[in-house]
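This report concerns only the one structure given below.
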Amino acid sequence: MTAAVITHGALRVLPLTCALGAEIQDMQLGDAAHSDDLFAQVKALLLEYKVLFLRDQSMSRAEHVKFARRFGELESHPVAGSDPEHPGLVRIYKSPEQPNDRYESAWHTDGTWREKPALGAVLRCVECPPVGGDTMWANMALAYENLPANIKAQIAGLRARHSIEATFGAAMPAEKRLALKAQFPDAEHPVVRTHPETGEKVLFVNGFTTHFTNFHTPANVRVGQDFTQGSSALLQYLISQAAIPEYQVRWRWSPGAVAIWDNRCTQHYAVMDYPLCHRKMERAGIVGDTPF
């Protein structure tokens, strides 16, 4: 028995898993870049399904940027290169000539090392491997909802530090790493954030998170070992929730396919299982707000 296609206004939508994700069929995002009504329908679906997919999109780079800008201003990236003619369009290009430049495979929420992490992103496939190279997303609102009650009580009010220096910077020479940290000092966010549009509670720690900043209280720490081992064990347990299959959707790319995700309530993982070949993706990331 296959999932049924749902009609949402003028759109045909195919839910992909029970956790998150839906494919919009027979629509061009280039049209939504120019239509208030069509964009409003896409945005409503995004809030419902958290990540949307479309195939065979013929939109230009200008339309890609214009559509993404309907959500808000676009952000640049200090490490990944941008298209010089379309500011905000980040090029994530992998090639067989750079076999050591393929690392992507870590669960993460984009830009939590910023004071205002991304609201979301629109990612388009230009060229992909013949097999492999899928991307996965996880529903972190569902991950929070399913946490044991005692864990929810323990992390209520906890805050955590997020670092670009400890991630992107870790592969750089010391001088460049320190310059990157000076440009983007570590950010601090609540461990459980509230989605500003849906009101959902979201587990908000990921691969950029280094440690809790306010764990060291009498309720949590009797002796130093409780802090140094207890806090790191709890953090790793929380980060590991994204790896639970029941919270995930997996997307197989094809040229012209597009993914749109809500970065405030999801994590994603680019699976690095493909042979040495070209994998060219272009992403427009949307500036977000301060998590609360």
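A short reminder: the numbers here are calculations on the coordinates, not readings from a lab. On a predicted model such as this, the values are computed, not experimentally measured, just so you know. Every residue, glycine as well, gets a Cβ built from its backbone with ideal geometry; the counts of neighbours run over all protein chains shown.
Note down the net charge around residue 136, summing +1 for each Lys or Arg and -1 for each Asp or Glu among other residues with Cβ under 11 Å from its Cβ.
Local charge sum for residue 136: +1.
Which whole-Hz couplings ³J(HN,Hα) result when phi for each residue of the stretch 252-265 is put into the Karplus expression 6.51 cos²θ - 1.76 cosθ + 1.60, θ = phi - 60°, listed in order with x for Gly and Pro?
Values, residue by residue: 8, 7, 8, x, x, 6, 9, 10, 10, 10, 8, 6, 6, 9 Hz.
What helices does the chain hold that run 18 Å or longer along their axis, going by alpha-carbon atoms, with a Kyte-Doolittle average of 0.0 or more, using DSSP H for the helix calls?
36-49
Which of the three applies to the stretch 140-242, rounded, prolate or oblate, going by the alpha-carbon gyration tensor with a ≥ b ≥ c and a/c under 1.5 meaning rounded?
Note, shape of the stretch 140-242 comes out oblate.
Using the alpha-carbon centroid of each, what span in Å lies between the stretch 224-269 and the stretch 101-143?
That distance is 10 Å.
Where does the charge balance sit around residue 200 when Lys and Arg score +1, Asp and Glu -1, over other residues with C-beta under 13 Å from its C-beta?
So the environment of residue 200 carries a net charge of 0.
Using a Förster radius of 35 Å, what is the FRET efficiency between residue 12 and residue 73 based on their Cβ-Cβ separation? Nearest 0.05, please.
The calculated FRET efficiency here is 0.70.
Under the classification rounded if a/c is under 1.5, otherwise prolate if a/b is larger than b/c and oblate if not, where does the stretch 1-154 fall, given a ≥ b ≥ c as square roots of the Cα gyration tensor eigenvalues?
Rounded is the answer for the stretch 1-154, as its axis ratio a/c remains below 1.5.
Taking the Cβ of residue 43 as the center, what net charge do the other residues with Cβ under 14 Å away carry, scoring Lys and Arg +1 and Asp and Glu -1?
So the surrounding residues net to -1.
Report the calculated FRET efficiency for residue 280 and residue 25 (r = Cβ-Cβ distance, R0 = 22 Å), to the nearest 0.05.
According to the calculation, E is roughly 0.35.
What is the packing order of peptides 249-261, 224-236, taking the mean over residues of other C-beta atoms within 10 Å and listing the highest first?
So the peptides 249-261, 224-236, ranked by packing, come out 249-261, 224-236.
For residue 219 and residue 37, what does the FRET efficiency come to when R0 = 51 Å and r is the distance between their Cβ atoms, rounded to the nearest 0.05?
0.50
So which lysines pass the test for residue 43, namely a Cα distance under 29 Å, with those fewer than 8 places away in the same chain ruled out?
Of all the lysines, those that pass the test against residue 43 - Cα under 29 Å, at least 8 places apart if same chain - are 66, 116, 201, 280.
Looking at the stretch 191-292, which GluC sites (Glu not before Pro) are in a loop (DSSP not H, G, I, E or B) and have at most 13 other Cβ atoms within 10 Å?
Passing sites in the stretch 191-292 are 197.
Let me know the charge dipole size of the stretch 23-152 about its Cα centre in debye, to the nearest 20, where only the beta-carbon of Lys, Arg (+1) and Asp, Glu (-1) is charged.
320
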